[in-house]
Structure formats: structure tokens, C-alpha cells
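Contents: one structure, followed by commentary.
The values are calculated or read from the model by the stated rules, or taken from the named source; none is laboratory data. From a predicted model like this one, the values you see are computed outputs, not experimental measurements. In this analysis, Cβ positions are derived from the backbone assuming ideal geometry, glycine residues included, and neighbour counts consider all displayed protein chains.
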Amino acid sequence: MRIPFTQVDAFADAAFGGNPAAVMMLSSWPGDATLLAIAQENNLSETAFLVPMDGGEADFELRWFTPGDEVEMCGHATLASGHVVLLSDTTRERVRFATRHAGVLEVARDGLGYSMSLPERSPSPEALPGWSRRWVWTAWSRRCAIRRAMWSWSSTMRRRYATARRTLPHWPRPGVMSSS
């Protein structure tokens, strides 16, 4: 299977900077296992896959994959996808992407760069999975024990060094000649 792709360094003002993302234009969706295998082969933080849409609210469907799994949202790969589409079609001023989890995203020309619309999500408090008071107390106790051990070790080493300096003959410093 041959699929051309473009690697884009998003958020960069010079070569070899920014966040790299692969952008791959497809004619139809292969299976998720194939998309994941391609992302693993690219071995970048994200690979964006685009499939053209006929009409509707967006121009392309967009999905993002890391080498490990599909992700719900990726800003720099969206910007890279917009760059690839807008670079290939100079008459287009903006491109809209339909995503599975983040809704419709838009990348538009903005002077010499691009602007991007992102979904607005309000923060909501949630309990951290696996965290409890006992876990936090255990982690704090271990941290304190490690710090005590490190302090004890460094104090011991300082005492040994001071004792060794007092008992060893005074050697000339490097670069200083002795007159014996």
C-alpha cells in the first residue's frame, strides 16, 4: 500500500523546530488497525488522517493517531492538516474538519500564517483515579524517607571527606610547584 504523506512542523518559525505531525490524505477509511500501524511506522507524536467529505458541515473528516492509540483531539496535527490542504489549494481561504470527538474544527489563512478554531470545554472537577488519602500519605512518607536517607548519606560523606583532608599530607594544588 502506497500512501503519500507530508510531515509538517507546526508552531515553528524555522526548519527542524515546532511539533512534527504527519498528514496523510486518504480516499476512504481503512480499518483502525491499519491506521494505527501507519502511525507506528511514522513514529511521530501524531499522524493525522484526512478523508474528503461530500458537502455537509465540513470539507474533510479528520482523525489523529499516536503510535499507541487514537486520540480525541490534537491541535498541532489539526494545524498541520490545515496547512497541507490550504497549501495544495491556494484559492481556498479556510478548511473545516469533522472529527469524531472534538466536533467541527476550522483552520483559516491569517496573514502569513493560520488561525484555528478549537472546541470550548468547561473544566469540571473529577476525582483522580487511584488517588486516596492513604496513597498521598504513603507517597509523602516515602519522599521524606528518601530525603532523610540522602541527607544522612551526604552528611556522612562530608564528615569522611573532612576527616580524610585532615589526615592526608598537604599535596600541592594542581599547577603549583613544590619546593622540596
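For the stretch 65-106, what are the residues that are of a type in the set (S, T, Y) and either assigned to a helix (DSSP H, G or I) or buried (at least 16 other Cβ atoms within 10 Å of the Cβ) (or both)?
T66, T78, S81, S88, T99
When you scan the stretch 6-18, do you find a residue that is buried (at least 18 other Cβ atoms within 10 Å of the Cβ), among the hydroxyl-bearing types (S, T, Y) and not in a loop (DSSP other than H, G, I, E, B), even just one?
Checking the stretch 6-18: not a single residue is buried (at least 18 other Cβ atoms within 10 Å of the Cβ), among the hydroxyl-bearing types (S, T, Y) and not in a loop (DSSP other than H, G, I, E, B).
One line per residue, one yes/no per condition, for (1) hydroxyl-bearing (S, T, Y); (2) over 18 Å from P119 (Cβ atoms):
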position	(1), (2)
M24	no, yes
W29	no, yes
D69	no, yes
S81	yes, no
V85	no, yes
A98	no, no
A102	no, no
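For every residue, the table says whether it meets (1) among the small types (G, A, S); (2) in contact with a helix residue (DSSP H, G or I) (Cβ under 9 Å, 6 or more places away or on another chain); (3) at pLDDT below 90; (4) under 19 Å from M25 (Cα atoms).
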site: S81; (1), (2), (3), (4): yes, no, no, yes
site: L87; (1), (2), (3), (4): no, no, no, yes
site: R109; (1), (2), (3), (4): no, yes, no, no
site: S117; (1), (2), (3), (4): yes, no, yes, no
site: A127; (1), (2), (3), (4): yes, no, yes, no
site: W131; (1), (2), (3), (4): no, no, yes, no
site: R134; (1), (2), (3), (4): no, no, yes, no
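Which one of I3, I38 is touching a residue at least 24 places away in the same chain (Cβ under 8 Å), among the aliphatic types (A, V, I, L, M) and surrounded by fewer than 16 Cβ atoms within 10 Å (Cβ to Cβ)?
I3
Would you mind stating whether R2 is of a type in the set (K, R) and farther than 26 Å from S115 by Cβ?
Here the answer is yes, as R2 does meet what is asked.
Report yes if some residue within the stretch 20-34 is charged (D, E, K, R) and either surrounded by 18 or more Cβ atoms within 10 Å (Cβ to Cβ) or not in a helix (DSSP H, G or I) (or both); otherwise report no.
no
Looking at L105, L62, which one is at pLDDT 95 or above and under 30 Å from A33 (Cα atoms)?
L62
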